[in-house]
Structure formats: structure tokens, C-alpha cells
Amino acid sequence: MSRSLSAIVAISMLTGLPAWPQSDNFTGSAILTVLPAHPDAQDASLNAGQLNVKLDGKVATVTSLTQLTSENSPLELILLIDGGVRTSLYGQAGDIIGFAKEIPTNTQIAIAYMENGRAALQGPLSSDPATVESGLHMTTGGAGSNASPYFCLDDLAKHWPSKNTGARRAVVMITDGVDEYNPHYDPEDVYVQSAIYDTVRAGIVVFTMYWHDQGRADSSGTVADGGQSLMVEVAQATGGDSYWQGPSNPVSLKPYFDDLRRRLRSEYALGLSAPFKGKPFKASLKFKANAPNAKVTAPQFVYLSGAATAQ
């Protein structure tokens, strides 16, 4: 064992922290949501010095932390609607279009439908509410016509309709979350894990809203619970949130969209650097925030790539 590597191992044994092998630095980024820790508080703030971050259990370096605003960070958001949802969803069309009308000018939205395992875009990303509204229509597919909502999310992550690498990316999935190929809850569902990998790699934050599929019995509590649990898993893995109120449809989507809008206004971009060997890959992210006035939400994973020169 070389003297330098022996020193690293010795330091690790003394500190109790895993030792990094010497290598180039890999970089990654994550979107954090920073909300007031108390409901009656108006503002929350965060700085890099308040963060302690680990990647795959090893201490990482915070290289930057930037609050995202309308001026410095465009947003691309796709509403991904299950092609088999019950037609009652279209009683919520006003809430969907209302959300599109109230977006900041730096935001572009498009609507896509889950159809046979793909995300079928209904138009381009646009900041014009009328253009967004033109993509909203009644679904005609029966239960299971999406094949799997996670096939469709994966397809969207691989074929994002923009090459703007400077824009944030978000997806709002409106579905019951049930994977027809594995209708009972399985946290290791291969299609869910593939969708998580590709959304993390594409830098997408996923939000989910529960709505019944056509033909899905209200009494099928196990299946409904399984779909909701999978949607929570995807949202937490990517740093988003999951909206649902038990096995029934909500009276209105407006409270969900109001909270979503608040979260999108409260995001920070976190830059990370850590020494890794090998190819770019997905790493688990753990963090502590010493910010008493803030409640911080982060993704569970980041994608590390772009090897830089080691310091």
C-alpha cells in the first residue's frame, strides 16, 4: 500500500468516515425546495455553509447554491396525463388551465398523454396558456391503455422536447400510479427503478397527482394503495412531491396546483463535487441542513458525470 493511500485510510479510521480513493472529481447537481419551517413564517433562506452533503455515504463538496428566480432560471414543465383516467378529470380542466395562466413568464408548459408506453406530446412547450389549453382533450383509452405510467415517464425523460440545458425540468403526472405489469406494490419494481434512473439522469423533478383510472374499482384498496406508494417513491427520489387524499379523487386539483406553484417558486440549484472512479452514475444523496427557519426537500439521488481536474 502506498504511503498516500495509507494516510487516507488512517484518516478514515480516525474520523469514522469512508475514505475516497484518489481520482478525478465528478460533478453533479440537484434541485432543493426551501420552504418556511413554520406555517406562519413568510420567508425561508439557505446558504451553502448550512449544508452537509454525502454521496453514497461519503462526504461531498458543495460547489454552489443558487436561489432560482424568474430572472435567472427558466422552467420547462410537462403535464403528463394518464390516457386511461376517468373522464371526471375534465371537470378539473379549469384548474389545469388556471395553473397554466398563472405561471411566470419564464415558464413553458406542454401537455402529454400516456399512451401505450410512451408520452404523446400534444404540442410544443409554450408560455401561451391558449397553446397549452389546445392540448387538453378527453381521453378515449380504457383502463391500462398507458401500458404503465412508468414506461411513459421513462420515455419522456429519454425524449425531452427541448435541448435547453439551462432550464429546470419538471413533470406533473396525473394518474393512479398503478403499474399494470405489476399491480401490487413492489418498491423494487423494475419499471419504476428504470424511470427513476432516467429522470434523475435528465435532471427532472417529478410531482404526482392521484386520479382514478377508468374501470378501476373504488374498493380495490390494495391496488390503489400500491399505485400511490409507487408515485410517492418516484416523487421522493427526484425531489418532488406527491398529492393524494386516500383512494378517492379530490374535489378539486386547485389546492395541489397552488402548492406546486409555491414549491416551484422556492427552489435552489445545488452544485456538488466528489471524487469518483469509473463511469458516470446515479449516487444516493443524504444531507443535513442547519437552517432552523427552513424546511428543505432534496432528491434522494443525483447523477454524477463531467469529471473535472482533481484539486
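Kindly indicate whether Gly135 is of a type outside the set (Phe, Trp, Tyr), surrounded by fewer than 24 Cβ atoms within 10 Å (Cβ to Cβ) and either without any contact (Cβ under 8 Å) to a residue 60 or more places away in the chain or assigned to a helix (DSSP H, G or I) (or both). Taking the combined requirement at face value, the residue satisfies it. The residue of the range 242-261 that is modelled with the lowest pLDDT, among those that are among the polar types (S, T, N, Q) and surrounded by 14 or more Cβ atoms within 10 Å (Cβ to Cβ), is Asn249.
When each of Ala48, Ala112 is tested for being under 22 Å from the mean Cα position of the chain (by Cα), crowded, with 17+ Cβ neighbours inside 10 Å and among the small types (Gly, Ala, Ser), the lone residue that passes is Ala112. Taking the conditions exactly as written (surrounded by 14 or more Cβ atoms within 10 Å (Cβ to Cβ), part of a strand (DSSP E or B) and among the aromatic types (Phe, Trp, Tyr)), does Tyr268 satisfy them or not? Spelling it out, Tyr268 is indeed surrounded by 14 or more Cβ atoms within 10 Å (Cβ to Cβ), part of a strand (DSSP E or B) and among the aromatic types (Phe, Trp, Tyr).
Checked against (1) surrounded by 17 or more Cβ atoms within 10 Å (Cβ to Cβ); (2) out of contact with any helix residue (DSSP H, G or I) (no Cβ under 7 Å at 6 or more places or on another chain); (3) over 20 Å from Asn106 (Cα atoms), Val62 passes all but condition (2). If only residues of the range 273-289 that are under 18 Å from Val34 (Cα atoms), at pLDDT below 95 and not small (Gly, Ala, Ser) are counted, the one that is surrounded by the most Cβ atoms within 10 Å (Cβ to Cβ) is Phe287. Within the set Pro247, Pro299, the sole residue that is touching a helix residue (DSSP H, G or I) at 6+ places or on another chain (Cβ under 7 Å) and free of Cβ contacts under 8 Å to residues at least 60 places away in the same chain turns out to be Pro247.
The values are calculated or read from the model by the stated rules, or taken from the named source; none is laboratory data. Quick caveat, the model's predicted, so the values are computed rather than measured. Heads up, the Cβs are rebuilt from the backbone with ideal geometry, glycines too, and the neighbour counts pull from every protein chain shown.
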